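Q: Dropping a structure here in C-alpha cells format, bear with me for questions.
What follows is calculated from the coordinates using simple rules that are stated; it is not laboratory data. Worth saying up front: this structure is predicted, and the values here are computed from it rather than measured. Backbone-built Cβ (ideal geometry, glycine too); neighbour counts: all protein chains shown.
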Amino acid sequence: HPLSQKNLGDMYRKGLGVKKNNAEALKWYRASAERGNAWGLLSLGRMYEQGRGVKKNYATAVKWYRKAAEIGLALAQNNLGTMFRKGNGTPRDDVQAVKWYRKAAKQGNAFGQKNLGDMYRKGRGVKRNYKSTIKWYCASAKKGETWGLLSLGRMYEQGRGVKKNFKTAVKWYRQAAEKGLPLAQNMLANLYRRGKGVRRNDKEALKWYRKAATQCEGLPGGIEVVSGFRR
C-alpha cells in the first residue's frame, strides 16, 4: 500500500523502531511515489532537496514536488513555490512562486500563507500590497506558525498595512518567542528594553536576549543575530 510505504520511509528517516537509514527511507518513499501517493511524492522530493540518502539534486526535487503539487497537496505547492522563488532546480520565477504559494495558502497551509504574505510585502511576482500582506500573515499566525507570528508582529511594530501598535506587536512576538523562535525572542526583548507596548523591564529583556543568544550559540553569525537588532 503506497501510504504504508511512505510511513515506513518515515520510520527509517527518523529512526523510529529501527536504526536510522536514509537510503532505506529513500527506497520506500520512491516506491510510494511511483504509485502516485502525494505524500510519497513530497517526501521523495524533500530527500533530493536535502541530499538525504541521495546526492542533492534540486531539479529532481522540483520534479517530485510538482507531481505532488499538481495532485493538490498544499505543502508540496508551498515547497514548489519556494523552489521557484529561490531559483533552485528551476529558473527563478516570482510569478510562478506566487501562483503556487497562493494555491497552498487558499487550502489553509500556514507556510504558504506566510510566504504569500512575504511576496506581497516585497512586491515580488505581485504588486506590493501591505493590506494583503497583513491578511496572509494573520491567517498564518492564527494557525500558530512561528514565522507568521513574527512577521505579523513586525507589521504592527513598523505600522505597515496597519496602524502602528507596539502592544499588539508584543502579543505576536511573545507567541512566537514562547514557541522558541530566537529572532522573535530578540524582538520581544527589544520592546521590553525600550518600554514599547509593555512596561520597561530590563530583567525581562535580559531573559529573552539570553534565550535567543543561547539558541544561536555556535551557529554562524548567531550572536550577530541578537546584537544586530539592538537599537
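Q: Order these by the 10 Å Cβ neighbour count, fewest first: V126, V18.
A: Working: V126 18, V18 12.
Neighbour counts put them in this order, fewest first: V18, V126.
Q: Which label belongs to the value computed from this structure, given these candidates for percent of Cα pairs over 21 Å apart: [x] 63; [y] 57; [z] 78?
A: Only one option fits the structure, namely [x].
Q: Averaging sequence separations of C-alpha pairs under 8 Å and six or more residues apart, then dividing by the length of the chain, give the relative contact order as a whole percent.
A: On the way: 425 pairs, mean separation 19.0, N = 231.
Computed over the chain, the figure is 8 percent.
Q: Going by C-beta contacts inside 10 Å, put E49, E70 in order with the fewest on the left. Walk me through the numbers before you get to the answer.
A: Working: E49 21, E70 14.
Ordered from fewest to most neighbouring Cβ atoms within 10 Å, E49, E70 come out as E70, E49.
Q: How large is the translational diffusion coefficient of segment 1-135 in µm² per second when you combine the Kirkwood radius over alpha carbon pairs with Stokes-Einstein at 20 °C and 1.002 mPa s?
A: Details: Rh = 15.1 Å.
It comes out at roughly 142 µm²/s.
Q: Positive end of the charge dipole of segment 81-148 (Lys, Arg +1 and Asp, Glu -1 on Cβ, about the Cα centre): tell me which of I134, G89, M119 has its Cα farthest that way.
A: I134
Q: Arrange Y137, Y12 by Cβ neighbour counts within 10 Å, fewest through most, would you? Could you put the intermediate results ahead of the total?
A: Values: Y137 32, Y12 22.
Ordered by Cβ neighbours within 10 Å, fewest first: Y12, Y137.
Q: With point charges of +1 on the Cβ of Lys and Arg and -1 on the Cβ of Asp and Glu, referenced to the Cα centre of the chain, which listed residue (G40, W64, L149) lies farthest in the positive direction of the dipole?
A: Final value for the positive-end residue is L149.
Q: Report, as a whole number in µm² per second, the diffusion coefficient that Stokes-Einstein gives for segment 75-138 at 37 °C and 0.692 mPa s using the Kirkwood radius over alpha carbon pairs. Before the final figure, lay out each step's value.
A: Working: Rh = 11.0 Å.
Using the Kirkwood radius from Cα pairs, D works out to 299 µm²/s.
Q: Roughly how many debye, to the nearest 20, is the charge dipole of the chain about its Cα centre, given +1 on each Lys and Arg Cβ, -1 on each Asp and Glu Cβ, and no other charges? Display every interim value, and only then the final one.
A: Numbers: 51 positive and 15 negative charges, 169 e Å.
For the chain, the charge dipole is close to 820 debye.
Q: Taking a ≥ b ≥ c as the square roots of the eigenvalues of the Cα gyration tensor of segment 1-71, is the shape rounded (a/c under 1.5), prolate (a/b larger than b/c) or oblate? Don't jump to the answer; show the numbers that get you there.
A: Working: a/c = 2.51, a/b = 1.25, b/c = 2.01.
It is oblate, given that a/c is not under 1.5 and a/b is not larger than b/c.
Q: Determine the relative contact order of segment 75-138: mean sequence separation of Cα pairs under 8 Å and six or more apart, normalised by residue count, in whole percent. Please list the in-between numbers first.
A: On the way: 101 pairs, mean separation 16.8, N = 64.
Answer for segment 75-138 is 26 percent.
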